[in-house]
Each structure stands twice: as structure tokens, then as C-alpha cells.
Amino acid sequence: MCGIIGYTGEKYAPEILIQGLKKLEYRGYDSAGIAVSKNGKTLICKNRGKVSALEQKSADTDLSGTVCGIGHTRWATHGEPSDINSHPHRGGENVTLVHNGIIENYLELKKELKAKGYNPISQTDTEIAAMLIDSMYNGDPIKAIFDSISKIHGSFALGIMFRDYPNTIYAVRRDSPLIIGVGENENFIASDIPAILPYTKKYYLSDENEVAVVTKSDIRFFTNDGKEIHKDLMTAAWDEQSAQKSGYKHFMLKEIYEQPKVIGDTINAYKNKAELFENCSFDFNIKGKIHIAACGSAMHAALLGKHVIEKLARIPVSVEIASEFRYNDPILDKDDIVIAISQSGETADTLAAVRLAKSKGIRTLGIVNVWGSTLSREADDIIYTYAGPEICVATTKAYLCQTVILDMLALKLGRAVMGEDEYLKQVNLLSSLPEYISNALKLDSTCKRLAEKNIAAEHQFYIGRGQDFCVCTEASLKLKEVSYVHSESYAAGELKHGTISLIVDGTPVIAVMTERSRIAKTISNIKEVVSRGASVICVTYDDVDVSDFCKNKITIDAPSEFLAPVIANIPLQLYAYHIADGRGNDVDKPRNLAKSVTVE
Ligand code: F6R
């Protein structure tokens, strides 16, 4: 999704803006632009395409001496990716701005503005916002912004410059993220922490219905009745190093290799000897049902969560695709809880699920990676994953942390049902997970070899039963999104009810078998596809003999069957990575995808 950066200080602004945009590239974008104040004007430089093209374009433009500006990476919603539709947009004489979000009533506003003599040149909703603010401006930027946003329906984070205030950036948000970075003789606005990390770890969270006024020496926040508000300064827990590739070819690979550490950090944050989640305010006494709402990979983590919570704690769990949840008129009982899982904490559909639950008086728990994100502020209680900044658009380490948190939740909720001995055994085994993950990473060369073997296949299938089917859903998504290879995940027993017609000579089928009681059944299903020509890769334990029907086995070792899905994920992430890399794809920024999906 769109990324915003703003800088006001003493350094050459275009350089800082472009470096900031590079840090935001991971969010997904199709065009980029900057605007800077120079000699009483706001100069704009923007283009369709990469930030590197913008860098070249801005180097060819005379922006010398500029120390204040705003920048943007655009992920097209209204209007195709083009130079004209790129941000920043100008609205009349006074206003230039960048925008993340969607202005739902922009057509209506456009009509009104046209009647006032404005002539939009782009197809965007953003240009309308710029013109609206310009039309409301009478020398007082804060008033113009508040008057304008009271007319806007939809979501926005706006970074705004007024020609009359060349060294000041104004910022305001609703339902889209924005932070204000605090430096020495310089300050920033940004969509996300990695953009400011080279300069500062200190920041303020911008809240809804307030305007931030940012100069190089001062940051002030105002509400629409003119009152100034004082806010707590936050310190980012992440350092710059964690947002860099550190010698790896791609962030995806780096993030896969970070998993022993981040899983260790996540476990240690919530495990104190035999006790789990002692430091959480959440009341674990759940009398009703659990509904887990999430999107994409987070929803796949939820599927595994359902499996383990129902198995260990015998509490009914429903997994809700967040974009469907609120329109399904869900049946929520007052004793139920809604758990929302999100890496970014900004996913519009997941937030909507939380808001719906809260509006019905249902308790909400967020499992989230980004501190200070909207979900972390809106859910009643929060459990953080300690994955650190995830830059690759396709999630690996954050997803894995989510699955481990859900395993821990299942243990916590299931303690009485499973009995103390089994509980203590499993809780102790948690601590060994990082070591098992490190060992699974040694499968990298095997995974690369198998990826090379299947690199030309345009269709692949993942099959498994029970917890292994949950692993397959995520493994299949990972392959699709980074390699652009069509892939399907199936409960192994379901394939023969239709999809098996797609299996032809040489079709790769990856079978995951970690749930011992179901392995024999899955083997029967593997034989069904082998006899139709499939080329099978089995991901399973050393003692499971598949030599009869499978020449390509990925052997894994796990602390317990319950924790085996965490381990089984590792070779499947590596396999997807190597296929994508081998096909020459832009692995960290797959086409059409955005890291944080802040629109419905
Ligand atoms: C896939 C992926 C997405 C996200 C989904 C939810 O690799 O990253 O499917 O899992 O967009 O995002 P968050 O977790 O930020 O709510």
C-alpha cells in the first residue's frame, strides 16, 4: 500500500525523502514522487515506476538548497499507475499533499470543486483532497485541514504542505497509519518505522482527529477545537540493522533465516518457566466460543490455531476470513471472544472485524507484530509477536511467530483438559524450538535442488491432513505469491473428489505428514496421485518410510508432533523462495501485492 515520508530540517530534503521511500518500497507500489519547497514554490517531481527512476529524475532537476518536503510511493486504487496520477498532488495555489487511503465520496466532492472552478487533471481521489483543502484555506492551515476532513468519508493519512509555510509539514490521519519521527534539528512524518530508523528511533503516534504541525525544531498536535495535546514519546524497539538485508540476496531469505531468533524472542516474552502469558492483561477464562478473524497468511495461522486449540482445550473455534466476517452477520454470544491476527496491525478488514465485535460488546484480543499499530491500540488486549520488522511483502517470520503464539495459547487454555504432565512436557519443549528451526534451515540446499527440479512446473499441489493441511494452505500461498506458479492446497482426502483430474504426468505434489495418526491415510492419497503420474515430495519424519513411491523426501525433526507444523514450514518457505528466485522474480516485492492492506 502507499507509503508516506516527510522531512523538515537542515539537510538536503530530496536525498532523505528518496532514501525514506526506498525503505517503504516493501509495502508495494507502482509509482513514486516527492515535493519540496523552493523559493516560495512547491516543486513536484514524480513518475510511474520505481523509486530508482525518481532518484534519477530528481537528480536531473534543480532542487538544490531544499530542506523540507514530502514523498510518496503509490499503490494505485483510483486511476491507473501513471505520471499524472502519482503523488504528490497539487490543489490550487496553496496546497500540495500525499495520501494513503481511499476517499469514498471523492466524486461528490469533485463535482462541488468543479463548480468552484477547480479542474482536476488526474483520476485520483487524492487530487480532490488537495483541492478541497485549498478551497477551505484562508490563511489558517489547521482550520482548513479540519474543515476539509469533516467533509471527507473514507480513510486517509495525509502529509500536507502549504506554500505560505515552506518549512512546515502538516499531517492528519483516519484509519491509515502515520507516525511523526523526532530528530535533532530535524523531524519526520512516515507511514512506518523503517523509513525513519536511519535518523531516529524516537517517534509519536499520530491519533485520529488531530493535526500534527511539524517543523525542524517543533512538533505540535492540535484537536479541532484548537486545543493543543501532549503525547507520549515512543522509542522503536527495532534498529536499523533489522531493516536491512545484511548480505542476504533478498529480505525473504534473511527473514526465513531470522526465524530461530524471533521464535525464541516470542517464546521468551511469554514463557516464565512453566507459566505462559503471565504478564498479559487478557483474561484467559473463556466461557464461550473463539472467533479468529484474519486475512491471508494470518488466516492460515488461524486455521492451525483452531486445530490446536480445539484439540488441546476443547473450546470451539471458528476461523473467519476478515473481509467476510462483518458482512456475514456473525452469530456472536456475549461470552465469546474475537481474536484478530495481523502482522501489520493495519489491515482494514481485520480492523473492521475488531470494531464489529467491540460494537456488540464482545471481548477482543489482538495478536500483532507492529507496536503502536491501529490494532494494537484498538483491541481490548494485545499479545505481540516479536518478529521484528518484516520487509519482504510475503510473510514468513511473522506468520511463524503467529503460529507459535497460537500453540502457546492452546497450551494455556488446554492446561486442565490435557493434564499437568502433558502440559509441562509441551511447555518445556517450546524452548527447544529455535534449535530445531536452525536444524531445519540446513535443508536449504535440498530445497534449492528440488526447486530447480520443479522450476518449470506451472501447477503444483500441496496435500496434508489435519495440522498438515493447515501447513499446506500457507505453503501453497507462499509459492503462488512469490513465484507466480499456480498452486492449490488440499486436505489430502479431498483431492479425489474433483481436483485429482488436474494431476498429469510430472505434476509436482508436495505431501506434508507430521500428524502421525493420519500418515497412513495420507500415504494412500499420495499413491492415488502417484499412479496418475504425480512427482511427489514428502515432508515428514526420518522414520516414515516413503521410499516405495517417493524419491524426494525432505526429512524433518521436531520437538513434538504438536510443534511439528512450525518446523515443516521452514523447508516449504525455502522451496517457494528458490523457485521464485530461480524464475528471476522480484522476490521481495511480488507483482500486484502490498505489504499492508489498508483498503477493503
Ligand atoms: C502473505 C501475506 C498476506 C498477509 C495478509 C494480512 O504472505 O503476507 O497474506 O498475511 O495481507 O496482513 P496482516 O498480517 O498485516 O494483517
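The numbers here are math on the coordinates, done by the rules we state, and not lab data. Every value quoted in this text rests on a predicted model; they were computed, and no experiment measured them. Cβ sites come from the backbone with ideal geometry, for glycine too, and all protein chains shown count toward neighbours.
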Which angle between 0 and 90 degrees, to the nearest 10, do you get for helix 516-530 versus the longest principal axis of the chain when only C-alpha atoms count? 80
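Considering only the other residues whose Cβ falls under 14 Å of the Cβ of Thr499, what net charge follows from Lys and Arg at +1 and Asp and Glu at -1?
That works out to -1.
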In terms of the charge dipole of the chain, which places +1 on Lys and Arg and -1 on Asp and Glu at the beta carbon, the residue among Thr61, Val404, Ser359 farthest towards the positive end is Thr61
Selection from Pro260, Leu375, Ala394 lying farthest towards where the dipole of region 246-431 points positive, charges on Cβ: Pro260
Cα centroids of region 337-389 and region 216-254: how far apart, whole angstrom? 19
Distance from region 420-476 to region 10-28 (C-alpha centre basis), Å: 37
Treat each spin label as a single point 7 Å out from the Cα along the C-beta direction, and report the Asp333 to Asp548 distance in nm. 4.6
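Report the gain in length on full extension from Ala274 to Ala416: 0.36 nm times residue separation, minus Cα-Cα distance, nm rounded to one decimal. It would help to have the intermediate numbers written out before the result.
On the way: separation 142, 0.36 × 142 = 51.12 nm, distance 1.38 nm.
Gain on extension, Ala274 to Ala416, equals 49.7 nm.
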Excluding Thr42 itself, what net charge comes from residues whose Cβ is under 13 Å from its Cβ, given Lys and Arg +1 and Asp and Glu -1? +2
In whole Hz and in residue order, list the ³J(HN,Hα) couplings for region 59-67 that follow from phi through the Karplus curve 6.51 cos²θ - 1.76 cosθ + 1.60, θ = phi - 60°; x for Gly and Pro. 5, 7, 10, 7, 10, 4, x, 7, 10
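With +1 on each Lys and Arg Cβ and -1 on each Asp and Glu Cβ, and nothing else charged, work out how big the dipole of region 1-106 is about its Cα centre, in Debye to the nearest 20.
120
With +1 on the Cβ of every Lys and Arg and -1 on the Cβ of every Asp and Glu, and nothing else charged, how large is the dipole of the chain about its Cα centre, in debye rounded to the nearest 20? Please list the in-between numbers first.
On the way: 68 positive and 77 negative charges, 122 e Å.
For this selection, approximately 580 debye.
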Given the peptides 117-129, 181-193, 443-455, arrange them by the average over their residues of other C-beta atoms within 10 Å, most packed first. 181-193, 117-129, 443-455
Tally Lys and Arg at +1 and Asp and Glu at -1 over the other residues with C-beta under 14 Å from the C-beta of Pro120: what net charge comes out? 0
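What pairs from Lys289/Lys360; Lys23/Lys231; Lys306/Lys412; Lys478/Lys527; Lys271/Lys425 go past 18 Å between their alpha carbons? It would help to have the intermediate numbers written out before the result.
Working: Lys289/Lys360 15 Å; Lys23/Lys231 26 Å; Lys306/Lys412 14 Å; Lys478/Lys527 25 Å; Lys271/Lys425 14 Å.
As for pairs spanning more than 18 Å Cα to Cα, those are Lys23/Lys231; Lys478/Lys527.
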Residue separation between Asn285 and Asp140 times 0.36 nm, minus their alpha-carbon distance, gives in nm 47.0 nm
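Nothing charged except the Cβ atoms of Lys and Arg (+1) and of Asp and Glu (-1): what's the magnitude of the dipole of region 267-414 about its Cα centre? Round to the nearest 20 debye. Before the final figure, lay out the partial values.
Working: 16 positive and 17 negative charges, 48 e Å.
For region 267-414, the charge dipole is close to 240 debye.
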Would you work out which of Ala190, Tyr118, Pro177 lies farthest towards the positive end of the dipole of region 104-192? Charges go on Cβ: Lys and Arg +1, Asp and Glu -1. Tyr118
Hits among aspartates and glutamates - C-alpha to C-alpha of Lys496 under 12 Å, sequence gap 8 or more where chains match: Glu528
For the ranges 230-238, 569-577, 350-358, 331-339, what's the packing order if you count other beta-carbon atoms within 10 Å of each residue, average per peptide, and put the highest first? 569-577, 350-358, 331-339, 230-238
³J(HN,Hα), Karplus 6.51/-1.76/1.60, whole Hz, each residue of region 205-214, x for Gly, Pro: 8, 7, 9, 5, 6, 9, 10, 9, 10, 10
Cα centroid separation - region 255-294 against region 111-166, whole Å: 44
Which value in deg cm²/dmol, rounded to the nearest 500, describes the helix-derived mean residue ellipticity at 222 nm for the chain, given -39,500 (n - 2.57) per DSSP H run of n ≥ 4 and division by the residue count? -11000 deg cm²/dmol
Where does helix 106-115 land angle-wise versus the long Cα axis of the chain, in degrees 0 to 90, nearest 10? 10
Length-normalised contact order of region 433-586 in % [C-alpha pairs under 8 Å, at least 6 apart]: 33
